[in-house]
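To keep things clear, I will list the structure first and then write my remarks on it.
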Amino acid sequence: MTSLDVEVTISPGYAYERAADQEHFLNREKTRQLFRDFLGRGKGGKAWKFTNSPLFLDFLAGNRTYQCTPWSMPLRTVFGWQKPCYLVGEGYVQSFAELMEGTDWDQYGVGKYAKCSNCMVHCGFEGTAAREGLVRPLEFLKVGMKGVRTEGPMAPDIELAGARPADDVHEAQVAAEMEKIRVTDPEGYRRATRAA
Ligand code: SF4
């Protein structure tokens, strides 16, 4: 791929629960090993260039135990600000202040909620890595200069057994938001439903 000068996106795991094929989503263990394999290939050979921060890559390779920071990459949709993050849609609010103050953040994250169990995605964890980089700049520099460790023991991961079960709220959320649009903006609603 690199010889063809083609850019490739490699995404860590997230179990998108409405996808028909659940079997092929990566769990945390497979994600960590996969990134070790990718990052290890660069050593002594032709390196793949990743655009993520060193500490986030170090986390993906299983060298750090991170909890997510879902508000670090917020998503604004046609329905409003999505709670709690752009992967999981469990409600919409009209302002960023409402998102920050009205979301029960403790309900979300690895080990807290089943939908989050396999998530290692940048929208939650790059923010955590960036915060660690600010608090521990020497760590950031060390990994940045030496590269990500791709051998040896991995950091312990968060226990998943206590995660609360997934709430199946997507259809009801979308229906409620569409109804609000139908009442407040009938013409917009007609356009949107005609296009769908
Ligand atoms: S772990 Fe964080 S970023 Fe990932 S789905 Fe859950 S809330 Fe969103």
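The values are calculated or read from the model by the stated rules, or taken from the named source; none is laboratory data. This one's a predicted model, so the numbers in the text were calculated from it and none came from an experiment. Here Cβ is always computed from backbone atoms with ideal geometry, including for glycine, and neighbour counts include all displayed protein chains.
Of all residues in region 55-71, those satisfying the criterion of being in a helix (DSSP H, G or I) and within 13 Å of the ligand (Cβ to nearest atom) are 56, 59, 70, 71. Within region 163-196, being loosely packed, with under 10 Cβ neighbours inside 10 Å, hydrophobic (A, V, I, L, M, F, W, C) and outside any helix (DSSP H, G or I) holds for one residue alone: 196.
For region 72-99, the candidate set comprises residues that are out of contact with any helix residue (DSSP H, G or I) (no Cβ under 6 Å at 6 or more places or on another chain) and assigned to a helix (DSSP H, G or I); within that set, the residue that is surrounded by the fewest Cβ atoms within 10 Å (Cβ to Cβ) is 97. Screening residue 114 on (1) near the ligand (Cβ under 9 Å from one of its atoms); (2) at pLDDT below 95; (3) of a type in the set (Gly, Ala, Ser) shows it passes everything except condition (1).
In region 124-133, is there at least one residue being small (Gly, Ala, Ser), within 12 Å of the chain's Cα centre (by Cα) and not in a helix (DSSP H, G or I)?
So the first thing to find is which residues in region 124-133 are small (Gly, Ala, Ser), and the list is 124, 127, 129-130, 133.
So of that shortlist, the ones also within 12 Å of the chain's Cα centre (by Cα) come out as 124, 127.
This time we only want the ones that are not in a helix (DSSP H, G or I), so: none.
Within region 124-133, none of the residues are small (Gly, Ala, Ser), within 12 Å of the chain's Cα centre (by Cα) and not in a helix (DSSP H, G or I).
Scan region 86-102 and tell me whether some residue there is polar (S, T, N, Q), at pLDDT 90 or above and under 16 Å from the mean Cα position of the chain (by Cα). No - not one qualifying residue is present in region 86-102. Of the residues screened, residue 114 is one that is closer than 27 Å to residue 22 by Cβ and touching a residue at least 24 places away in the same chain (Cβ under 8 Å). There is at least one residue in region 36-51 that is β-branched (Val, Ile, Thr) and either out of contact with any Lys or Arg (no Cβ under 7 Å at 6 or more places or on another chain) or part of a helix (DSSP H, G or I) (or both). For the criterion of being modelled with pLDDT of 85 or more and over 21 Å from residue 156 (Cα atoms), residue 3 fails.
Of the residues contained in region 121-129, none is found to be more than 10 Å from the ligand (Cβ to nearest atom), over 27 Å from residue 33 (Cα atoms) and either surrounded by fewer than 19 Cβ atoms within 10 Å (Cβ to Cβ) or touching a residue at least 60 places away in the same chain (Cβ under 8 Å) (or both).
Of (1) surrounded by fewer than 22 Cβ atoms within 10 Å (Cβ to Cβ); (2) out of contact with any Asp or Glu (no Cβ under 6 Å at 6 or more places or on another chain), residue 35 satisfies all except one. Which? Result: residue 35 fails condition (1) only.
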